[in-house]
Every structure is written in C-alpha cells, then in structure tokens.
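Participant: To start, I am sharing the structure in question, which I have written as structure tokens.
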Amino acid sequence: MKIVLLTTALAGSVMSLVGWLALGSPAAAGSADLQTLWYPNGQVQAKAALEDGVRQGPASEWYASGQQRCSGEYREGLREGPWVFFAEDGTPDPARSGQYVAGLRVSP
C-alpha cells in the first residue's frame, strides 16, 4: 500500500514538472517549431513560435485562469512590434501594452 501511494505521489510530481517544460518535436537547423507551456492545473500558459530554439514570430500568454495575458511577436527572442497586455480580469493594461523594440517598450 505504501509503495502504491509513493508511486502515485511521484507520478503526480513528475506530471506537474512536465507541465512546465516546452513540448514540441525537435527542430532541425533553420526550421520553425511551436513551444507550448502549461500551468500545473493543465491550462496553457504560453504558446510561441521558435526558430533554432529561440522565440521568433507570434506568441500569446494566458493567466492560470485561462484569461489572455498578452500577445505579440518575438524577434530573436525579444518582444518586437505591437504587444497587447491584459489584466487578469480581462481589461486592457495600457501600462504594459504598446510598441516594443528589442524587448523594451518604447511607446504606448
């Protein structure tokens, strides 16, 4: 009985850990892939296009509740162009939304 409970507890811990890992097929040099991260509750945390293991292209993130947190694009692993952020209640977050260049917000 103790072995079964220990095995079940370990399996649950491993499943929680796996939820935080990026999943997707290995990318060949120069190819695109999709990175998906999950919260321990099973909700998708983030999806982002990858190129050679670096975020490149469209991306979206969500809160653990399922509400969208933000969306925009990455260039060479940094936020680039227009990004839209939302508070956890779904209202727009103008303090974080705006135009990004090389990962830095440069204008609203």
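The values are calculated or read from the model by the stated rules, or taken from the named source; none is laboratory data. Being a predicted model, the structure only gives us computed values, none of them experimental. When we count neighbours, we look across all protein chains shown, and the Cβ atoms used for this are built from the backbone with ideal geometry, even at glycine.
Participant: Quick one: what pairs do we get from the range 77-90, first residue of a type in the set (A, V, I, L, M), second not in a strand (DSSP E or B), C-beta under 6 Å, 6+ apart or different chains?
Facilitator: Pairs found: LEU78/ALA102; LEU78/GLY103; VAL84/SER97; ALA87/ASP93.
Participant: Give the residue, chosen from ASP52, ASP89, that is at pLDDT below 95 and either touching a Gly at 6+ places or on another chain (Cβ under 7 Å) or surrounded by fewer than 16 Cβ atoms within 10 Å (Cβ to Cβ) (or both).
Facilitator: ASP52
Here is a yes/no grid of residues against (1) modelled with pLDDT under 95; (2) under 24 Å from PRO92 (Cα atoms); (3) among the hydroxyl-bearing types (Ser, Thr, Tyr):
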| residue | (1), (2), (3) |
| --- | --- |
| ALA22 | yes, no, no |
| ALA28 | yes, no, no |
| GLN43 | no, yes, no |
| ARG69 | no, yes, no |
| GLU76 | no, no, no |
